[in-house]
1. One residue is enough: does the stretch B:116-134 have a residue meeting the conditions more than 16 Å from B:Ser159 (Cα to Cα), β-branched (Val, Ile, Thr) and outside any loop (DSSP other than H, G, I, E, B)?
2. Can you find even one residue in the stretch B:70-84 that is in a strand (DSSP E or B), at pLDDT 55 or above and away from chain A (no Cβ under 12 Å)?
3. For A:Tyr143, are the conditions met, namely being modelled with pLDDT of 95 or more and in the same structural domain as A:Leu251 (by TED's automatic domain parsing)?
4. Out of the stretch A:236-250, which residues are touching a helix residue (DSSP H, G or I) at 6+ places or on another chain (Cβ under 8 Å) and either farther than 25 Å from A:Gln197 by Cα or within 14 Å of another protein chain (Cβ to nearest Cβ) (or both)?
5. What is the number of the single condition among (1) surrounded by fewer than 24 Cβ atoms within 10 Å (Cβ to Cβ); (2) free of Cβ contacts under 8 Å to residues at least 60 places away in the same chain; (3) more than 7 Å from chain A (Cβ to nearest Cβ) that B:Leu111 does not meet?
6. Which of the following residues is within 14 Å of chain B (Cβ to nearest Cβ) and modelled with pLDDT of 95 or more: A:Ala219, A:Ala191, A:Ala253, A:Ala213?
7. Does B:Ala16 fit the bill of being under 15 Å from B:Met116 (Cα atoms), modelled with pLDDT under 95, touching a Lys or Arg at 6+ places or on another chain (Cβ under 7 Å) and not polar (S, T, N, Q)?
8. Considering only the stretch A:400-454, state which residues are more than 18 Å from A:Val625 (Cα to Cα), touching a strand residue (DSSP E or B) at 6+ places or on another chain (Cβ under 7 Å) and of a type in the set (Val, Ile, Thr).
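The values are calculated or read from the model by the stated rules, or taken from the named source; none is laboratory data. What you see is a predicted model, and the numbers here were worked out from it, not measured in a lab. So basically every Cβ, Gly included, is an ideal-geometry build from the backbone, and we count neighbours across all protein chains shown.
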Amino acid sequence: MNSSDMKSVVGKPLNRVDGHAKVTGAARYSAEFPVAKLVHGVTIQSTIASGKIAQIDTRAAERVPGVLLVMTHLNAPKVSGEAGGDRKLPLLQDNQVRYSGQHIGVVVADTFEHAMQAAALVNIRYDEEQPALHLKEHLDQAYVPQGKIPRDQPPDSAHGSVEQGLATAAVKVEQTYTTPIENHNPMEPHATTAVWQGDRLLLYDATQGVFGAKKKVAAVLGMPPENVRIMSYFVGGGFGCKGSTWAHVVLTAMAARQVNRPVKLVLGRMQMFGPVGFRPETMQQVSLGATREGNLTALRHAGTSITSTFDEFIEPVAKTARMIYACPHIETSHRLVRLNVGTPTYMRAPGEASGSFALESAMDELAYALKIDPIELRLRNYAEFDPDKKLPWSSKSLRECYQQGAARFGWQKRNPTPRSMRDGNTLIGWGMATATYPTNRSPASAIAQIKADGTAVVRSGSQDIGTGTYTVMTQIAADALGLPAEQIQFELGDTNLPETPVSGGSQTAASVGSAVHLAGTEARSKLLQLALMDQASPLYGATAEDVIAQNGRFLLKNKAANAETYGAILSRHGLKTIEARADAKPGEEKDKYSMHSFGAQFVEVRVNPDSGEVRVSRWVGAFGVGRLLNAKTANSQLIGGIVYGIGMALMEHTVMDPNRGRVVNADLAEYHVPVNADVPSIDVIFVDEQDPHVNPIGVKGIGEIGITGSAAAIANAVYHATGQRVRDLPLTLDKLL
Amino acid sequence: MRLRFRRRRLGQFAIAGTVGAVLAGFTKQAMGQSTPQTPSKPEVPADPNSYVDVELQINGKEQMLKIEPRVTLLDVLRERLDLTGTKKGCDHGQCGACTVLVNGRRINSCLTFAIMHRGAEITTIEGLAKGNTLHPMQAAFVAHDAFQCGYCTPGQICSAVGLVNEGHAQSDADIRELMSGNICRCGAYPNIVTAVREVLEGKKNAAV
């Protein structure tokens, strides 16, 4: 008995199973659960970046009708913001202000309007100190991080000697690239609804990781984890900022306990610029050396990024440089500079997105210096195995990505000379870059239950942050159980369900998918065993190998008339359900193989030579990402990653006031993200790729690779169009004039 | 960026209009939301914490409310009537997630006070489908995967229905321009354009 015996649901372009709920408004996000006696919380944020709160006057606020609580460091319950790992949280435990936008108070009132009115009336006097706000001014304080970069790697690496490699190089590129602070800005603001039931706490929270939230909240509040339940059925985008549990989540729970009522607290858009993470500013030095023929002799990628004064986050910009090209001498390093900012965090392809801007821009510069086509340069340095780990790839289709992407884009018609391609007065530029993202996987569990009515319920904690978890897990379960997708209900978003990892690192499909696959397969096999051993069954005496599962029925391969429905088997045994649980985890594959997705980005830009305005007019991205679970949602995710890359390349930039560190563009009118008119049609090619090694379902994860290489591809296209090399993101028009 | 400036100007216009309307005192008759009132000196300073009775017609249903006049239409929908399909993304008219239809026109419900819409026909995402039959725009969004996280989706759909009502969009470029007041951070724009185009072309083959 195996899934290949039946028509696979996996891979089909199924409409999202939660689509109906999302287009009718029925899907409830974390601020939208009707809870009896609910009251509203609003946080007050610091307006200075460093100093102490000298005085805080809450009297006027407390006089506003309906106000139940003004919680500040003077009256907040004692908790430990450093407990439970992950982020260190300022939780009104002292009068210290560590960055602008730090939560320094919470107002709770009967209505949102009263809470807002009262929050505005809290009068605060500070003893202000001189904040550190600028990376460039504090480079002398750069330090080697105490922590590791993802996958438990040290911050520095060295193979060979880059100095030696550069000494033998015929051509060198040595440049500095910079990227600014960027904010995630998911459309759904961070939101938490806290409901105490005795000593138990229920939180509806907008989170990418219900189990991480449960552990963090329990640790900070000093509660047994089993007394905390997190629910999150729909998350309105995360992109990394909802991957950690931030201060407002705990503050909501603290406030709810104080007022003895359920409290809902939603951060305003402006309040999300600081206390919920951001992509940190980076400064990156790339040194490349090559022979005349274009073979790399040296590759150095040294990154410095900012972190907060009280916590550490490393943007691992140089991680990709360790594995992407074959080169005898590769060195990478990561340094940090502490500033009076909130703690940065993962933002869609942390390190890969920002790092690939530098490395893939430098490769383009090298291609021009050598007068070699940029694809050809990359092919000459194609890594046939992982040069860092010295391991074979579990699979790699990058060559096919270059070929198929270039063919679809029409790359061979490109005249490489800058400013050589025009449409009337408009300058046309074509650029490309390599994309890559690691294949991650964490332990995950799932329970599959077949019911007597022929339907099934499959449950696994997890989250759907727009990635299609509900849909693809339904498809995996359908194949594993031998049921049509419509007969399956997949439940997620609740810590009462089996444990799963955070939806980050593009790992949900691989982690949760493997668990769902194993649980479904096991439930079906248990049911089949009942039939095979039951004299009343037409399948009696057959072996599992003789049987096919199809549409909720078992039938003999050679005698289809001998068949029985799942419901009939269960009914005859007096069972309402049969279920199986799977606890899936990664095995030895990660010690045997290096596992990555790869891709190639091709972009056309049109540049107005008078205004410097850059418009992206055409995009082809080709990707090798293992098995596709759903052709439709996969296409959407890759497009989404690329759109995020267009924003990163051309507009996104969080600007701080140089004196007090206030974000001066803290809203969606001034912090520009792509709108519909900024995005052309995007052509995504999935290169056929079978990977038997990565995990039981052969998927590599697709949430983040789309943004990698995007900014470099655009910068390279802009160079081709204009002859101007911009090494400082975003690529706004002032940099082209 | 052009578009962004326009969006902000519209926001300021609406705020100026609503502030004017509030200062002018509250009248029983319906106030047209597109015709700002000329501010006149109030005789008694407005108490933000006074309550007024407001009757609204939402998705064909009469709703009686006792609210402070400063409560936005968005907060009435979400916090008073449990019509949470309409989303709050920025509360400043910059993202479009709160778009609803008032007398068939699309507006940002966060930029307007509920009290200004007495007598108007308000349609939210919950009012578009007929029973279990989706509105063609909803069906097209599902069929073309014109969303991911779904948070901007109700606003996108209401905006797209408003766009069709306006009758100005003749091309994909027009759709892109006229849908640029609705931000989708998941980046579903190409699929949104496909969905809107399909409805515009009157195709009825969208899977429900």
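1. yes
2. Of the stretch B:70-84, the ones in a strand (DSSP E or B) are B:72.
Right, trim to at pLDDT 55 or above and you get B:72.
Remaining after also requiring away from chain A (no Cβ under 12 Å): none.
So far as the stretch B:70-84 goes, no, none of its residues is in a strand (DSSP E or B), at pLDDT 55 or above and away from chain A (no Cβ under 12 Å).
3. Details: modelled with pLDDT of 95 or more: yes; in the same structural domain as A:Leu251 (by TED's automatic domain parsing): no.
Against the criterion (modelled with pLDDT of 95 or more and in the same structural domain as A:Leu251 (by TED's automatic domain parsing)), A:Tyr143 does not qualify.
4. Correct list: A:Phe239, A:Cys241, A:Gly243.
5. Only one criterion is unmet by B:Leu111, namely (2).
6. Working: A:Ala219 fails: within 14 Å of chain B (Cβ to nearest Cβ); A:Ala253 fails: within 14 Å of chain B (Cβ to nearest Cβ); A:Ala213 fails: within 14 Å of chain B (Cβ to nearest Cβ).
Criteria check complete, one pass: A:Ala191.
7. Details: under 15 Å from B:Met116 (Cα atoms): yes; modelled with pLDDT under 95: yes; touching a Lys or Arg at 6+ places or on another chain (Cβ under 7 Å): no; not polar (S, T, N, Q): yes.
The answer is no for B:Ala16.
8. The answer is A:Thr426, A:Ile428, A:Ile447, A:Ile450.
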